[in-house]
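Each value in this text was obtained by applying a stated rule to the coordinates, not by laboratory testing. Because the structure is predicted, anything quoted here is derived from the model rather than measured. In this analysis, Cβ positions are derived from the backbone assuming ideal geometry, glycine residues included, and neighbour counts consider all displayed protein chains.
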Amino acid sequence: MKARVTVTLKNGVLDPQGKAIEGALKSLDVNGIGSVRQGKVFDIEVATSDASEAKAILEAACTKLLANTVIENFQIDII
């Protein structure tokens, strides 16, 4: 079973990399960008055909390694 895990910073957490990207876009004359927040995307293949089991495995992976749950949120999408 395939899944996509998206990890983003929680609202209110400073995002210096997003600000750097925002500044770079402006310096490259890319207009119309209001703000940028960066994150991470993981495409993961889970060795099960049960969606609820896959989600439980991925939640464990996120809380133990993929996301710093103090400052980041994660979203799991089974594909």
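Values computed for the structure shown
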| item | result |
| --- | --- |
| Highest-first arrangement of 31-40, 62-71, where packing means the average Cβ count within 10 Å | 62-71, 31-40 |
| FRET efficiency, E72 to D29 (Cβ-Cβ, R0 30 Å, nearest 0.05) | 0.40 |
| Contour minus Cα-Cα distance for T6 and A20 (0.36 nm per residue) | 3.0 nm |
| Residues with amide H under 5 Å from that of Q38, placed H, sequence gap 5 or more | G18 |
